[in-house]
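**Q** Just passing along the structure, written as structure tokens.
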Amino acid sequence: MAVPGTSLVPILLGLGISLATAHSPAGVECIVFNEEYMTCTWGSGQMLTANYSLYYWYENRSPAVECQQYLWEHGVRIGCRFEQSEIIQFKPFHVRVNASQDGRTLEIPSNCMELQNLVKPGAPVNLTIRNMSSNQLQLTWSSPYPNAHCLEHVVKYKSNKDTSWMKQEVKGDIFSFPSVDYEKYYTFYVRSKINNYCGSTQLWSEWSVPVFWGSNATSKGMAEEQLQWFWIHTVLIPIASCLLLLVLVVLLVRMERVWVIIMPRIPNPSKNFDDLFITHNGDFQEWVGVPKDVVESFKPNYSESICHVSELPYEPLQDNSTHPPGLPGPQEHGPYKNSYVGA
């Protein structure tokens, strides 16, 4: 909850500083975080153009002290941080912001603040669930806020079968949850704020880290979201990867078959005759397995005398009268004599 101070919209008529360029913020908001430190802010660096300075003091204390740790955004001062030693509760707290521009300064006072009403405690920690009986749970926690007796809490819970969150206000740091259903698993959150005995504020802490309980909490995971991510990473992704690999293998096999159909391979017969030339030394009959008795039956078992035939050149006779009687003359046998030798 923001606690505004005096409006920081300055009346700059006497100083001659233009509001159109200063864009002064509407107020100062201070928050005490868990009584460890405090911040006071007065705007955003995207809207501020003037140079701002913050001075503070407590009631009946003087003089005013300038901020030692400014908060910056986009090169513009937007706030101040106070350490624990600078925070005093139950003492009226005053701040003044000076806006400077074009060498002139305007002092902008603010309202008095009560810091005990501006405390925002830290989120509860160490949430623990215990079984108190067969149908009752007990939720406990601790708080980083130093004064635990000044806190009140709200517990938010929901089962895996519920559609909306249930909230329960708790004065102490123990929450009893009756009528538990062992068929469900539950999620619990806790947050805190300062009670009316220690301050008057609506500043709640952040929600705690959740705690889980249920019959399926240990087997299925501490939360439904964690369960979903578990199945995605450990089951779905490996299965999807295997299916993708299988599809790629099938596509490769099909592409090879299509390629064989389009471009058939030319057979090479040389491998079929390796045995003929290597093992049987070119013996075709032995390679084809013809029996030896069949081979022998085709060999000839007789011999014939050889008849030689030759031709002798013709020799003309000078005197026909000298030709021996009883032999044919040259006119009868042509230009050559034939001689036959028989066996």
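Read the figures in this text as sums done on the coordinates, not as results from a lab. From a predicted model like this one, the values you see are computed outputs, not experimental measurements. Positions of Cβ are generated from backbone atoms using ideal geometry, with glycine treated the same way; all protein chains shown enter the neighbour counts.
**Q** How many nm separate the modelled label positions at residue 181 and residue 53, each set 7 Å beyond the Cα in the direction of the Cβ?
**A** 6.5 nm
**Q** Would you please name the GluC sites (Glu not before Pro) within segment 115-197 that are DSSP coil residues with at most 13 other C-beta atoms within 10 Å of their C-beta? Don't skip to the end; give the middle numbers.
**A** Numbers: sites: 152, 169, 183; in loops: 183.
Answer in residue order: 183.
**Q** Same structure, new question: What FRET efficiency do you get for residue 128 and residue 91 if R0 is 41 Å and r is their Cβ-Cβ distance, rounded to the nearest 0.05? Present the calculation step by step, with values, prior to reporting the outcome.
**A** Details: r = 38 Å, r/R0 = 0.92.
Efficiency at R0 = 41 Å is approximately 0.60.
**Q** Taking the Cβ of residue 196 as the center, what net charge do the other residues with Cβ under 12 Å away carry, scoring Lys and Arg +1 and Asp and Glu -1? Before the final figure, lay out each step's value.
**A** Numbers: positive: 171, 193; negative: 152.
Every neighbour counted, the sum reads +1.
**Q** What's the FRET efficiency of residue 239 with residue 138 using the Cβ-Cβ distance as r and R₀ = 41 Å, to the nearest 0.05? Show your work: numbers first, answer last.
**A** Numbers: r = 42 Å, r/R0 = 1.02.
Using R0 = 41 Å, I get an efficiency of 0.45.
**Q** Shifting gears a bit: For the pair residue 254/residue 167, report the inter-label distance in nm, with labels modelled 7 Å from Cα in the Cβ direction.
**A** For residue 254 paired with residue 167, the spin-label model returns 5.8 nm.
**Q** Return the long-range amide H neighbours of residue 190 (sequence gap of 5 or more, or a different chain), with a cut-off of under 5 Å between placed amide H atoms.
**A** Placed amide hydrogens put 156, 208 under 5 Å from residue 190.
**Q** For segment 29-145, what's the relative contact order in percent, using C-alpha pairs closer than 8 Å and at least 6 residues apart? Numbers along the way, then the final one.
**A** Working: 230 pairs, mean separation 30.1, N = 117.
Value for segment 29-145: 26 percent.
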